[in-house]
Structures are given as C-alpha cells and as structure tokens.
Amino acid sequence: MPEHDHTDMFEACRPRLYGLAYRILGSRADAEDAVQDTFIKWQNTRQEGIENPAAWLMTSCTRRSIDLLRSAHRARVDYVGSWLPEPLHMATDHETDTRLELASTLTTAFMLMLERLTPKERAAYLLHDIFDLSYAEISGMLTLQETTCRKLVSRAKGQIDKNKIRSYTPVERQEQLLCAFQQAITTGTPAQLATLLSDDIRLSADGGGKVQTLLETLRGKADVIPFLVERLYAWWASYDWITAEINGTRGFFLQKDSEILASVTFAYGENGDVTDIYIVRNPDKLRRMTPEIVH
C-alpha cells in the first residue's frame with residue numbers, strides 16, 4: 001500500500017478509533033496516546049498480510065486502550081477528591097437519531113457508569129453495543145472465547161440497564177436548565193433552578209488536588225443550592241459563560257482572560273429533572289479544549 005494510502009486509511013478511521021479509546025479511558029489525553037500509538041504501530045507494520053485494515057486498527061487501539069486503562073485505574077485509587085472524565089468538547093452536527101444515540105454514550109453519567117466495569121467488560125460492551133461488532137470479531141480482538149465475550153457484555157449491560165444510564169434529554173429541556181443555572185449563580189436567585197432539580201440532586205467537583213474545590217459530593221437541594229448561589233456566585237459571577245456541547249449534552253465552559261477555568265455538565269432523570277451536576281476544575285483536564293469529531 002502506498003504511503004499516502006496508508007495514512008489516508010488511518011485518518012479515515014481516526015474519529016472511530018478516538019471515540020472508542022475515549023469511551024474506554026475517560027481521558028482525552030490517554031485516548032490521544034492510544035490513537036497515536038496505534039498509528040505508529042500501523043506505520044511500522046507490513047500491509048500485505050492485513051485483510052481488513054479497519055478491523056486491524058480497531059483491534060490494536062482496543063488492546064492499547066485496555067493496557068492504558070489498567071494503569072489509569074491504579075492512579076485513580078489515589079486521586080484527590082472526585083474523579084470525573086475529562087470534558088470532551090464535541091464538534092456540533094445535525095441531530096440525527098444515530099448521532100443522538102452515540103451522544104448518549106459520551107455523557108459524564110455514562111462514562112462514570114463504565115468506570116464500574118472491568119477493563120474487558122468495558123471494552124466488550126463498547127465494541128458490541130456501541131460499535132456494532134459481532135461476538136466473533138470481539139473474540140479475536142480480546143483473545144477470548146465467544147462465550148466469555150457474551151458473558152462480559154451481558155454483565156455490563158446488566159449494570160447499565162439497571163441504572164438507566166442511556167437516555168437523551170430533549171435540547172429544549174437542556175437549554176431551559178442552562179438558563180436557570182446561569183441565572184441562579186450570576187444573580188443569586190435560584191427559584192427557577194430549584195424547580196428543575198431532583199430532590200436528591202448530587203453535585204460532584206473534580207479539582208484533582210490542583211485547585212480548591214469540593215472533596216466530597218454534595219447531596220440534596222438543601223446543600224447544593226446554597227453552594228451554587230453563595231459560594232459559586234462569589235467566584236463565577238464575573239466569568240465568561242460559554243455554552244458548548246460537552247460529552248454529548250449542552251453544558252458550560254467558564255472562562256476568564258481567555259483561560260478555561262471550569263466545565264459544567266449535567267445528568268437528567270427519566271422525567272427530565274436534573275439528577276447530577278458535574279464540575280471539572282482540574283487544569284490538566286481543561287487544557288487544549290478544542291472541538292473533536294467523535295464517532
């Protein structure tokens with residue numbers, strides 16, 4: 001295969017590889033490393049013996065992502081405060097049914113659910129249910145028996161279905177929440193926001209020990225609302241609020257002097273109430289926040 005065809009094939013697969021790696025790892029930086037390592041391996045491999053280049057690339061990226069996830073899990077044991085996935089600033093696209101379905105598998109709530117799975121459960125589930133690969137294909141990728149792959153996917157689906165993670169909240173409802181959330185913090189008037197929050201609302205913040213933030217999750221309106229309108233008001237009222245598509249839903253980037261200081265995303269219940277507020281302030285997770293095309 002000529003060198004330019006070699007590169008063109010990889011670039012055509014890159015969004016799909018990145019989408020897989022990010023869902024496995026929950027980290028933009030680690031996903032970029034997994035994709036780059038796959039590219040280097042691809043460049044150094046003779047092409048003549050590869051019957052299905054796309055499958056070869058998916059296999060290589062999956063295996064590298066699993067290796068990186070195992071290392072990441074060890075590091076996350078000692079993480080200071082709440083660990084949240086790195087925000088993924090997504091390039092906007094037409095809201096087709098397929099795109100909305102994929103967006104539901106990038107939300108912060110879904111990514112946190114995946115954290116409860118073993119690396120191979122996580123990979124097998126994603127490959128089968130999100131990327132539509134057969135058990136025979138997954139068996140070769142993970143070097144496991146097909147029956148074992150079926151069990152891995154079944155266990156993962158049991159966890160995800162039980163927690164009713166995969167759903168998509170209408171854009172109108174999300175926009176209503178964004179307006180109420182910004183108003184509550186910038187004006188100190190939370191009445192409208194309070195009607196949109198579930199009674200057992202949770203607020204989690206990720207500073208990674210790098211910046212001051214909550215170390216424990218706040219639970220219930222009695223704790224969450226005062227935190228928003230008293231403490232965040234003092235810090236965020238003067239920031240620039242940028243509405244963006246983050247992890248498949250509408251959210252905010254908070255910016256001052258052209259530096260992104262926080263991201264905010266939300267999770268919704270089946271009735272549209274907000275069940276979780278996720279704030280990322282770890283500066284390592286907010287660097288190079290450029291829109292990504294993700295499949």
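Which numbered condition trips up A234, out of (1) closer than 17 Å to T108 by Cβ; (2) in a helix (DSSP H, G or I)?
In the conditions (1) closer than 17 Å to T108 by Cβ; (2) in a helix (DSSP H, G or I), A234 misses (1) alone.
If you take the residues in segment 188-226 that are of a type in the set (V, I, T) and in a loop (DSSP other than H, G, I, E, B), which one is surrounded by the fewest Cβ atoms within 10 Å (Cβ to Cβ)? Even if it seems obvious, please write down each step before you answer.
Filtering segment 188-226 for residues of a type in the set (V, I, T) gives 189, 195, 201, 211, 213, 217, 224-225.
Pick out the ones that are also in a loop (DSSP other than H, G, I, E, B) and you get 189, 195, 211, 213, 217.
On the way: T189: 13, T195: 10, V211: 13, T213: 19, T217: 15.
So the residue we want is T195.
Which residues, taken from segment 213-238, are without any contact (Cβ under 8 Å) to a residue 60 or more places away in the chain and farther than 20 Å from V274 by Cβ?
A234, W235, A237, S238
Looking at A72, A103, A109, A124, can you tell me which residue is touching a helix residue (DSSP H, G or I) at 6+ places or on another chain (Cβ under 7 Å), in contact (Cβ under 8 Å) with a residue 24 or more places away in the chain and closer than 26 Å to F253 by Cβ? Don't jump to the end; show me each part of the working.
Details: A103 fails: touching a helix residue (DSSP H, G or I) at 6+ places or on another chain (Cβ under 7 Å); A109 fails: touching a helix residue (DSSP H, G or I) at 6+ places or on another chain (Cβ under 7 Å); A124 fails: closer than 26 Å to F253 by Cβ.
The unique qualifying residue is A72.
For residues that are part of a loop (DSSP other than H, G, I, E, B), surrounded by fewer than 21 Cβ atoms within 10 Å (Cβ to Cβ) and either touching a residue at least 40 places away in the same chain (Cβ under 8 Å) or acidic (D, E) (or both), tally how many sit in segment 239-285.
Adding up the residues that qualify gives 5.
So which helices (runs of 4 or more DSSP H) are wholly in segment 1-104 and hold at least 2 residues that are at pLDDT below 90? Steps first, please.
Details: elements: 3-25, 28-43, 53-76, 97-103.
Passing ranges, in order: 3-25, 53-76, 97-103.
Go through segment 11-53 and give me each residue that's touching a Leu at 6+ places or on another chain (Cβ under 7 Å) and surrounded by fewer than 18 Cβ atoms within 10 Å (Cβ to Cβ).
Scanning segment 11-53 gives a single hit, D33.
Report, by residue number, each residue of segment 4-42 that is in contact with a helix residue (DSSP H, G or I) (Cβ under 7 Å, 6 or more places away or on another chain) and without any contact (Cβ under 8 Å) to a residue 40 or more places away in the chain.
Selection gives R14, A31, D33, A34, V35, D37, T38, F39, K41, W42.
The values are calculated or read from the model by the stated rules, or taken from the named source; none is laboratory data. Computed from a predicted model, the values in this text were never measured in an experiment. Note that each Cβ is placed from the backbone with ideal geometry, even for glycine, and that neighbours are counted across all protein chains shown.
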